[in-house]
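Below is one structure, written out as structure tokens, with a few remarks after it.
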Amino acid sequence: MIDVDIEQQLGAFHLDVKFAAEAPIVGLFGRSGAGKTSVINTIAGITKPLQGTIRIGNAILFDATSGVNLPPEKRRVGYVFQDPLLFPHLDVESNLLYGRRLRANAERFIEPSRVIDLLGLGAFLHRTPNALSGGEKQRVAIGRALLAQPRILLMDEPLAALDVPRKIEILDYIERLRDELQIPIVYVSHSVPEIIRLADTVVVLSEGKCLAVGSVDEVMGRLDLKPVTGRYEAGSLLDTRVMAHDDVHQLTTLAFDGGELRVPFLGAAVGERVRARIRARDVSLAVQRPIGISILNILPAHVRSIDIETGPIVDVHLAIGDATLTARITRRSVDELGIHCGQELYALIKAVSFDQRSVGYA
């Protein structure tokens, strides 16, 4: 459990944030200047709140009322910055082990060999940072933070300085760390695709205040948050498993409670869990099952609710088995098709609407 309830004054900027979350990855989302970095700096002990409390599990890191304010080195917090900040005079292995040396043997629960294997660092342990690519440097920075034996890992825009291929590479490694090391992560980003792919719980910040806390699919699609999250980024997350691969057509079939999805080929084993992100604008609706069309994913659905707003665009929320899906269509389509709550219809999703940003290992 991560429990933060703080107030802080930073010049003219006032931070007043309260949230509690119990999830493998908590995403702090908001635009630049929202207060995301300020929050994790208080968790790390870099800055001190005026009042409030910070708890990680059973450990109290800060409590203004009782006077508890653990120094950074006592908090057991791993911090990964946007810039890797590696020691240029040390090789990769020495960088990795730097924080580990500061921990007593009783606190060392993560072995170097495991981190080196998880992050794929074995091939360049004896190189210096100037001989590494941007993605390799960031993997070393993550490894160094982990080998400091943290009770929580803070990641502040760790992909901001990387190109798209390196971002995808690091996202894969972060997912492996989440699954295999089971260390809670607070992940700061203003990138909707990153938050959607990684986070289980999202905290939306704006102007130093917490606007919403909840599951990613619940929060990121809320229309009242569109000034912060973006109107056209609403969608749904489905937890699926790989059911089969079609080698001839280079497709993968994903199974979930409401049916099956066909997506471009994934390099995942049959039975592996996969999180599929479906943007609301990629979902079309039909009142009868269509035939003779190129769309591969045609799913029977039940209309749960319809968001009524002025303007030309409407969100229709669907139940597909136990899963939920949102379709963003025009108001004209709603009127012409007579779409209403309780209606049985079909959701249509193109296989090509899924890409590397919308499908990730869960």
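Any read-out appearing in this document is the output of simple, stated calculations on the displayed coordinates, not a laboratory observation. Bear in mind the structure is a predicted one, so any value in this text is a computation, not a measurement. FYI the Cβ positions are ideal-geometry reconstructions off the backbone, even for glycines, and counts take in every protein chain you see.
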Charge dipole (the stretch 2-228, unit charges on Cβ, about Cα centre) - positive-most of 168, 21, 183: 183
Hypothetical label at residue 239: residues of the stretch 155-192 whose amide nitrogen lies under 20 Å (7 Å Cα-Cβ projection): 172, 174-187
Length added when fully stretched, residue 66-residue 304, from 0.36 nm per residue minus Cα-Cα: 80.9 nm
The stretch 149-183 residues near the modelled residue 127 label - backbone nitrogen below 13 Å, point 7 Å along Cα→Cβ: none
Using alpha-carbon coordinates, inclination of helix 134-146 to the longest axis of the chain, degrees: 60 degrees
Computed FRET value (nearest 0.05) for residue 89 with residue 351, which takes r as the C-beta separation and R₀ as 45 Å: 0.35
Backbone N within the stretch 277-294 under 16 Å of label point (7 Å from residue 344 Cα along the Cβ vector): 286-290
Potential extension, residue 250-residue 114 segment - 0.36 nm per residue separation minus Cα distance: 45.6 nm
Mean projected area (nm²) of the alpha-carbon convex hull when the chain is viewed from all directions: 21.0 nm²
Residue-averaged 222 nm ellipticity for the chain, from DSSP H runs of 4+ at -39500 (n - 2.57), nearest 500: -6000 deg cm²/dmol
Net lengthening on full extension, residue 257/residue 332 (0.36 nm per residue, minus Cα-Cα): 23.9 nm
Span from the the stretch 237-263 Cα centroid across to the the stretch 102-156 one, whole angstrom: 34 Å
Alpha-carbon centroid distance for the pair the stretch 313-349 / the stretch 1-80, whole angstrom: 40 Å
